[in-house]
1. What number, in nm² with one decimal, is the all-direction average of the projected area of the convex hull of the alpha-carbon atoms of the chain?
2. Using +1 at the C-beta of Lys and Arg and -1 at the C-beta of Asp and Glu, which of I83, L38, Q53 has the Cα lying farthest in the positive direction of the dipole of the stretch 35-101?
3. Go through the stretch 361-372 residue by residue and turn each phi into a ³J(HN,Hα) via Karplus (6.51, -1.76, 1.60, θ = phi - 60°); whole Hz please, and just put x for glycine and proline.
4. What is the Cα convex hull volume of the stretch 454-505 when expressed per residue in Å³?
5. Which of rounded, prolate, oblate describes the stretch 110-253, given a ≥ b ≥ c as roots of the alpha-carbon gyration tensor eigenvalues and a/c under 1.5 marking rounded, otherwise prolate only if a/b is larger than b/c?
6. Equivalent ellipsoid semi-axes for the stretch 264-351, as square roots of 5 times the alpha carbon gyration tensor eigenvalues: give them largest first, rounded to whole Å.
7. Taking a point 7 angstrom from the Cα of S232 along the C-beta vector, which residues in the stretch 467-482 have backbone N less than 14 Å away?
8. Let me have the 222 nm mean residue ellipticity of the chain computed from DSSP H runs of 4+ only, each contributing -39500 (n - 2.57), with the sum over all residues rounded to the nearest 500.
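Derivation of every value follows stated rules applied to the coordinates shown; laboratory data play no part. Since the model is a prediction, treat every value here as computed from it, not as a measurement. Quick reminder, even Gly has a Cβ in these numbers, built from the backbone with ideal geometry, and neighbours come from all protein chains shown.
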Amino acid sequence: MPHESERRLRMSLFTVPDVSIGRAPLTPQNSQFDQRRLDYLEGMTRYLNNLFQDLEKRYSQEEALSRLQKSIAQLPYSELVEIDVKRRPAVKALASARDRIAFNQERLKISFLDGLGRRAESPTITAGTSSPDVCHIISKLSQGISEDSLSQILKKSSVGLTAVIDGLRQLQFIEETDIAQPVVPKDLLTGKDDRLTWLGHACVLFQTSSTSICVDPFLRPHIRWTERDLQSSFSDSYADRLFFEPYGPQVPQLSPAELPHLDAVFVTHQDIDHFNLGVLMMLPEDVPIIVPGYRGHHMWEVNLRAVIHKVLGKRRNVICLKHGETITIGDVHATAFPFFSEMPSSLKTSWNCYIFETKRSAIACAADSAITDSSVDFLANRLTGERKPFVLCARLIHSGQKPAGYRDEIDSVFNFTRLWPWYTPIWDLFQPVEELGISENRFRTLCRRTNLRFYMPYAMGTAPWYRISDVNDPLHVPMANLSLRDLQSLSLKLEELSEGSVLFPGKFAKPVPLASA
């Protein structure tokens, strides 16, 4: 029997916290405050009510409503209002509208995604300005904490959380465990060589004999699959049937609590599938978090350091790394270089791609960025004369043709969770932009100038938990997934365009040694 000192309270592996502003999940839109967005909502509502009053004077109510709806369809962000002709005024903002478009710290909430009970609504703590205290406790619980230590923290806390913690224990979100039984998978704890592990979507783990760094951690709770999930989440048509062993309801899963000790976390950009405060909340508070720089006059950029300090607290060590700057973490040298696209051409960003280098290997993580000529030159110049194996983690290889204007979805002019539509000049909506990923010509150049051994197609979901189809399920993530056909096409293209580059051979949560590649 374990000694009492070996017992700890720990967050269940089926539980991961999530952050929202009032009624709305956290997105770039409500990660910062801009009064102009609220003014737009109020002005649009007044305009539509005045329009409806005018239409009612000239047409039947049915015809007036029809004409109003046609007008609404022309307005950006019209999804923030609702119509009810039985009331006055007939047009009002949705209850969640302000939460969706502006940061309000007093309305901060922390919910707990439940992969086991699969509740229709996630249990939630109204954290408000006390969120740093709540996040401090969640971080401790994610690592494991004794009953006595937790009691001491609760006594010192500025907000009464004892009843909340008791409630989470009753829901089995907090469990008593034996710390002699490690939760980190053995594969992620052992190894002397440089090695790279894919952990779903754009999350990768780069490890050496002495250092571990994680990029864009977006990990979900362990999930107990439903019959409906089995129909939507698992199919031989998805690329990930080759990335998981076994593939099916028994796929290996990984909670943030199962990550090994990290020496640093790197964030490429502000979208919540790359910058996820719920996952960052679970990490030890002394882990450095490296984020892109920030220019205050760029309202389409989120000040990630400020958001982390407001939500998670100022205990967090947040480091801004600008383009061209290098930081050394253990024996890994990390350098930021520019992130292109995911914005219309007139909106430049400070977002980062990263190259991680040791004496034995190099990894470039480009997330959703386009790899441009300047990106290729930067990477090639860093690695000129180096024969160490190089891994490129990026979106797919493409023809190089520039699309007419940036789109998250081809049939949507605007995206209603991002910031860029608020600030894009109308003339820039259809200006050419670089396609995400790398063109065939640039890929050839990079292969010729570097020892590019592995190409990892990533940042496209490619894991079953990103395909839960029920939009009302708190675990639902609206995300595109790489298909088996896409993967097969990429493999053939690698053979055609290069002599030595092949698909990254890793399986989910299984490290691939690089130094001997």
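1. Details: hull surface 105.5 nm².
Here the figure is 26.4 nm², rounded to one decimal.
2. Going by the charge dipole, the pick is L38.
3. Couplings: 7, 8, 10, 10, 10, 9, 6, 8, 6, 7, 8, 9 Hz.
4. 74 Å³
5. Numbers: a/c = 2.18, a/b = 1.39, b/c = 1.57.
Oblate, because a/c is 1.5 or more while a/b does not exceed b/c.
6. Working: eigenvalues 91, 56, 24 Å².
Semi-axes from the Cα gyration tensor: 21, 17, 11 Å.
7. From the stretch 467-482, the list is 467-481.
8. Details: 13 runs with 133 residues, N = 517.
Helix-only estimate at 222 nm: -7500 deg cm²/dmol.
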